[in-house]
Amino acid sequence: MFSKQEAQQLKKEFWTAFGKSFPRKWILYDTKVKDFSFKFNAENKKAEVSLDIEMRDEVYRDAYYNKIWSLEDILKDYIGEFHKEEFYTLENGKIISRIWVEKDGVSVFNKNTWQQIFEFFVEKMDGFERFYYEYEDFIKDV
């Protein structure tokens with residue numbers, strides 16, 4: 001087990017190593033749609049790449065989620081099998097809609113699995129981005 005400070009330091013090293021290994025500007029929050037963003041997440045037992053739809057207005061959140069969901073088969077071509085949850089609860093209690101892919105058996109705290117996480121991140125985020133750029137006009141037309 002790591003102390004809180006050691007864990008923070010390892011996470012900082014992880015993200016620095018990822019940035020140096022794959023120096024690329026990702027879309028992430030720059031989708032031009034408020035509260036519609038792509039995210040990387042690395043934890044103790046898994047890594048995730050997600051599309052988070054975080055609008056407080058449920059009507060808009062639902063509309064964007066359903067736009068993406070209407071393209072389900074196409075999205076699978078870009079990122080493979082994925083998870084989806086229309087009413088996903090974050091740790092802080094906020095309800096969002098989330099579509100994500102995950103890789104189990106890796107850890108931000110195990111440097112031996114970092115390369116696997118980095119490659120997973122690049123492959124899946126690249127797929128999400130290509131999908132978004134291809135269908136951006138359709139998705140934004142809410």
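A short reminder: the numbers here are calculations on the coordinates, not readings from a lab. These figures come from a predicted structure and were not determined experimentally. Cβ placement follows ideal geometry from the backbone for every residue including glycine, while neighbour counts extend to all protein chains displayed.
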Among TYR133, PHE120, ALA17 the positive-end extreme of the charge dipole of the stretch 17-140 (Cβ point charges)
ALA17
Rounded to the nearest 20 debye, dipole of the chain from Cβ charges on Lys, Arg, Asp, Glu
700
Which net charge results when you count Lys and Arg as +1 and Asp and Glu as -1 among the other residues whose beta-carbon is under 9 Å from that of SER37?
-3
In what sequence do SER107, SER21 fall when counting other Cβ within 10 Å, fewest first?
SER21, SER107
Can you tell me the length gained on complete extension of the stretch LYS20 to HIS83, counting 0.36 nm per residue apart and subtracting the Cα distance?
19.8 nm
Rounded to 10°, Cα long-axis angle of helix 58-70 versus longest principal axis of the chain:
90
At what distance in nm do the modelled label points of GLU91 and GLU119 sit from each other, each positioned 7 Å from its Cα along Cα→Cβ?
2.9
Proxy exposure order for TYR133, TYR65, TYR88 (fewest C-beta within 10 Å first) is TYR133, TYR88, TYR65
Within a Cβ distance under 10 Å of PHE121, other residues only, what is the Lys/Arg minus Asp/Glu net charge?
-2
Using Cα springs under 10 Å in a Gaussian network model of the chain, which residue among LYS20, LYS39, LYS76 shows the largest mean-square fluctuation?
LYS20
Which value at 222 nm does the chain reach when only helices count, each DSSP H run of 4 or more adding -39,500 (n - 2.57), with the total divided by all residues and rounded to the nearest 500 deg cm²/dmol?
-15500 deg cm²/dmol
What percent does the relative contact order of the stretch 17-140 come to when contacts are Cα pairs within less than 8 Å and at least six residues apart?
28
Please state, as a whole number in µm²/s, the translational diffusion coefficient that the Stokes-Einstein equation yields for the chain at 25 °C and 0.890 mPa s, with Rh defined as the Kirkwood radius across alpha carbon pairs.
153
Does the stretch 41-124 classify as rounded, prolate or oblate by the C-alpha gyration tensor (a ≥ b ≥ c root eigenvalues; a/c under 1.5 gives rounded; else a/b over b/c gives prolate, otherwise oblate)?
oblate
How would MET55, MET125 line up from fewest to most surrounding beta-carbon atoms within 10 angstrom?
MET55, MET125
